[in-house]
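Step one of this worksheet: look at the structure below.
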């Protein structure tokens, strides 16, 4: 049995399947802001 979403009665017909141009999960979490806010508690000498 082949799955063909182009059939009008298929459950995936009209479903949004391409998220490549949408917000990434990192964008959703705000990782850039979180990671750029990190600061060391104190300077550690080597």
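Throughout, read-outs are computed from the coordinates displayed, never taken from laboratory work. Note that this is a predicted model, so its numbers are computed, not measured. Here the Cβ is made from the backbone with ideal geometry for all residues, glycine too, and neighbour counts use every protein chain on show.
For the peptides 20-26, 30-36, the ranking by packing is 30-36, 20-26, with the highest mean count of neighbouring Cβ atoms within 10 Å listed first. If the chain linking residue 9 and residue 27 were pulled fully straight, counting 0.36 nm for each residue of separation and taking away their Cα-Cα distance, it would gain 3.0 nm.
Modelled this way, with points 7 Å down the Cα-to-C-beta line, the labels at residue 35 and residue 18 are 2.7 nm from one another.
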